[in-house]
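Engineer: Dropping a structure here in structure tokens format, bear with me for questions.
The values are calculated or read from the model by the stated rules, or taken from the named source; none is laboratory data. Note that this is a predicted model, so its numbers are computed, not measured. Here the Cβ positions follow ideal geometry from the backbone for every residue, glycine too, while neighbour counts run over all protein chains shown.
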Amino acid sequence: MLRLPTFDVHRPASVAEAIQLLALHGRKARVLNGGTDLLPNAKLGMTALDHAVLLSNIPELHGITEDDGEIRLGAATKLAELAVHPVVLARLPALAHAAGRIASPQIRNMGTLGGNLCLDTRCRYINQSELWREALGGCLKSHGTECHVVPGGQGCVAALSSDTVPVLIAYGADVAISGWHQGQVTQRSVPLAELYDADGTRHVRLNDFEIVVGVRVPCPAATTRIGYRKWAVRNSIDFPLVSVALRLTTDSAAKVTGGMLVVGVLGPRPRVLDLLRFAGRAIDGRLGQDLGAWAFDRCRPLPNVPYDAEYRRERLVVEVRRLCAQLA
Ligand SMILES: Cc1cc2nc3c(=O)[nH]c(=O)nc-3n(C[C@H](O)[C@H](O)[C@H](O)COP(=O)(O)OP(=O)(O)OC[C@H]3O[C@@H](n4cnc5c(N)ncnc54)[C@H](O)[C@@H]3O)c2cc1C
Ligand code: SF4
């Protein structure tokens, strides 16, 4: 049986207090939101955990509001709420769909948006027991010196398997971050795509003692179409093995004027492809075929997560084609 290590739980009532606790306990402290990723990883010995700073009692981190053409989603918002909230359903339906496809009802009732954005990277060689990893000799992410996915590679290419990240990038979300500098709480905000780094051992670009407070999403114009599809072996519980978010902006004649394709589960950060080259095209089956073939040439899934990488590449084409048909 895998056991949780012993650790202290701190229950701050404000963002300032949470950040001070993180600063006080330094590298031994971890942010705990729903715990559906952190706690399994602590059980596997992947994450050192001496102090957990729980975010669920902080009112500032809860809530979904719409104001002045912008939707704000708090980092402690549960995935289950995201999937059914009337504002999200009406304004950001592809996000509601993505949240509703995560894991299972129990996990969506615990798991949060902030945890989904800061989800640890996953790899078939690391999401294993300590004993299993030791037998293999470890890897760059776990007390070792080599990567088993890219032998001889210099960096960890474990995959970000979050379902909300690709679709929120397609919606043009910014992420709001609070930190601590010279005794003061600081605030900054970056486009969500820029939160992620190519190093799977430290793929979330947060400075020490920073936390994600929430995201701000501009309400899409009526001429913008956004969708999300994930492929996993089972329809429930499973992480995505291929995920695609598609944003198409159109003119009054419903012809494409631009957009982006965001591909997840390739590596530590999503791949964002600009679609300006498809401007002037109608949204039809032929566009779906061309988009799929174009994505195939640009995306190469790695054997970092289960299932055959070449099959996942073919599957990407299918998901892009189907997503385009959904948006037609
Ligand atoms: C069986 C199973 C199936 C799953 N399936 C899926 C799936 O299909 N799709 C998917 O996307 N995920 C899946 N997950 C992963 C996870 O449940 C979700 O990603 C969930 O959203 C994580 O949120 P949480 O609040 O539980 O995160 P936590 O476990 O609390 O935190 C996750 C990480 O983020 C950090 N963190 C959390 N909040 C913040 C914050 N506000 N600021 C800074 N850092 C923060 C934590 O320190 C930790 O490192 C699955 C998990 C399990 C166990
Ligand atoms: S991608 Fe390589 S270094 Fe990263 S967890 Fe997997 S085996 Fe380890």
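Engineer: So which pairs qualify, if the first residue must be in the stretch 141-156 and more than 18 Å from residue 41 (Cβ to Cβ) and at pLDDT 90 or above, the second must be assigned to a loop (DSSP other than H, G, I, E, B) and within 16 Å of ligand 1 (Cβ to nearest atom), the Cβ gap must be under 6 Å, and the two must be at least 6 apart or on different chains?
Structural biologist: 149/304; 155/199
Engineer: Quick check on my filter: what residues within the stretch 46-61 are under 16 Å from residue 22 (Cα atoms) and at pLDDT 95 or above?
Structural biologist: Within the stretch 46-61, 50, 51, 52, 53, 54, 55, 56, 57, 58 meet the criteria.
Engineer: Turning to a different aspect of this structure: Which one of these is farther than 30 Å from residue 324 by Cβ and crowded, with 18+ Cβ neighbours inside 10 Å: 24, 95, 32, 79?
Structural biologist: 32
Engineer: Please list, ordered by first then second residue, the pairs with beta carbon atoms under 6 Å, 6 or more apart or interchain, first in the stretch 216-229 and within 21 Å of residue 65 (Cβ to Cβ) and modelled with pLDDT of 95 or more, second in a strand (DSSP E or B) and among the charged types (D, E, K, R).
Structural biologist: Every condition considered, the pairs that remain are 216/70; 216/72; 216/174; 218/70; 226/247.
Engineer: Got a number for residues in the stretch 267-309 being buried (at least 16 other Cβ atoms within 10 Å of the Cβ), among the acidic types (Asp, Glu) and within 25 Å of residue 194 (Cα to Cα)?
Structural biologist: Qualifying residue count for the region: 0.
Engineer: Another question about this same structure. When both residues are 6+ apart or on different chains and their Cβ atoms are under 7 Å apart, which pairs have a first residue that lies in the stretch 32-46 and is closer than 17 Å to residue 143 by Cα and in contact (Cβ under 8 Å) with a residue 12 or more places away in the chain, and a second that is among the small types (Gly, Ala, Ser) and more than 6 Å from ligand 1 (Cβ to nearest atom)?
Structural biologist: Close Cβ pairs (under 7 Å, with a partner that is among the small types (Gly, Ala, Ser) and more than 6 Å from ligand 1 (Cβ to nearest atom)) amount to 44/129; 46/142.
Engineer: Can you tell me which of (1) closer than 25 Å to residue 217 by Cβ; (2) of a type in the set (Gly, Ala, Ser); (3) under 22 Å from the mean Cα position of the chain (by Cα) is the one residue 52 doesn't meet?
Structural biologist: All conditions pass for residue 52, except number (1).
Engineer: Could you tell me whether residue 186 is polar (S, T, N, Q), surrounded by fewer than 21 Cβ atoms within 10 Å (Cβ to Cβ), at pLDDT 95 or above and not assigned by TED's automatic domain parsing to the domain that holds residue 75?
Structural biologist: no
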